Amino acid sequence: MPRLEGKIAIVTGAARGTGEQTARLFAAEGAKVVIADVLVEEGARTAAEIGSDAAFVRLDVTDEGSWAAAVAETVKRFGRPNVLVNNAGLLHIEALVDTPAAVVERLWRVNTLGPFLGIKAVAREMQAAGGGSIVNVSSVDGLSAKNGLAAYSPTKWALRGLTRVAALELGQRGIRVNAVCPEAGGPAMRRAFTPEGIDPMKTLAFTHDVIPHNQKRPGIEIIRDIARMILFLASDESLSCSGGDYPVDAGWTAGRRIKFNPGYSAD
């Protein structure tokens with residue numbers, strides 16, 4: 001039996017990247033999927049390629065009215081949603097002292113306010129559907145930090161906090177809320193910050209040296225690993241999981257490997 005048989009899902013930022021792969025996997029596993037994005041042409045094309053189990057809805061995640069319209073359209077097309085994936089996000093890489101306040105605010109509105117509005121918009125419909133699962137796509141940069149991410153990392157830390165509050169409040173409504181924390185996001189997010197002449201898709205496994213075989217895998221498979229974790233949390237296989245953080249990072253946040261300590265191997 002398909003793992004999402006009978007599920008109705010809204011996936012934000014699903015026109016491309018991680019959201020697209022998640023939407024395709026959800027449909028393959030039996031779900032009806034609403035592809036919600038501001039990228040109209042790409043989003044509509046993705047929905048058309050998936051077929052009758054998918055529909056595109058234009059959604060600005062920073063706008064409460066846009067969320068209300070997207071949820072209403074989901075109910076009209078497929079029924080009440082019982083899965084929400086808050087995947088839409090923006091990346092910015094710049095030294096803290098050089099980062100404009102407007103950039104910080106823009107990332108906060110998409111990466112943190114967007115999921116807050118999404119959770120708020122679906123909660124009553126999801127409860128009426130008998131409960132469900134909300135998956136927030138945070139980041140390993142919401143578990144640790146790197147230089148250059150003063151605008152980005154705080155939004156992902158905050159999203160993990162929102163996940164826990166929502167899990168506590170919505171659990172009594174039968175709604176589970178979890179966070180996925182990937183190391184690698186969609187290549188479109190990284191393109192503006194990738195050196196010229198380098199395919200951003202080929203950089204996805206750059207930090208995956210804890211598991212050497214990951215460096216040899218196609219970048220698309222690393223993105224699909226994220227989608228597979230989201231699938232697990234969306235499905236009834238994870239009914240005991242709520243308020244948790246689930247890294248998909250090939251060991252990036254496990255700790256630091258010290259070259260000259262016992263247990264280190266260069267082979």
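Values as computed for the structure displayed
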read-out	value
Hits in the range 239-267 - residues which are small (Gly, Ala, Ser) and out of contact with any Lys or Arg (no Cβ under 7 Å at 6 or more places or on another chain)	Ser240, Gly244, Ala250, Gly251, Ala254, Gly255, Gly263, Ser265, Ala266
Qualifying residue in the range 82-92 (condition: farther than 27 Å from Ala128 by Cα and buried (at least 23 other Cβ atoms within 10 Å of the Cβ))	yes
Extreme residue, surrounded by the most Cβ atoms within 10 Å (Cβ to Cβ), among residues of the range 1-54 that are hydroxyl-bearing (Ser, Thr, Tyr) and farther than 15 Å from Ala234 by Cβ	Thr46
Given (1) modelled with pLDDT under 95; (2) buried (at least 19 other Cβ atoms within 10 Å of the Cβ), number of the condition Lys146 does not satisfy	(2)
Test: Ala151 is crowded, with 22+ Cβ neighbours inside 10 Å, over 14 Å from the mean Cα position of the chain (by Cα) and assigned to a loop (DSSP other than H, G, I, E, B)	yes
Looking only at the range 214-243, and only at residues there that are in a loop (DSSP other than H, G, I, E, B) and in contact (Cβ under 8 Å) with a residue 40 or more places away in the chain, the one that is surrounded by the fewest Cβ atoms within 10 Å (Cβ to Cβ)	Leu239
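The values are calculated or read from the model by the stated rules, or taken from the named source; none is laboratory data. Just so it is clear, the model here is predicted, and its values are computed rather than measured. Glycine also receives a Cβ, built like all others from the backbone with ideal geometry; neighbour counts cover every protein chain displayed.
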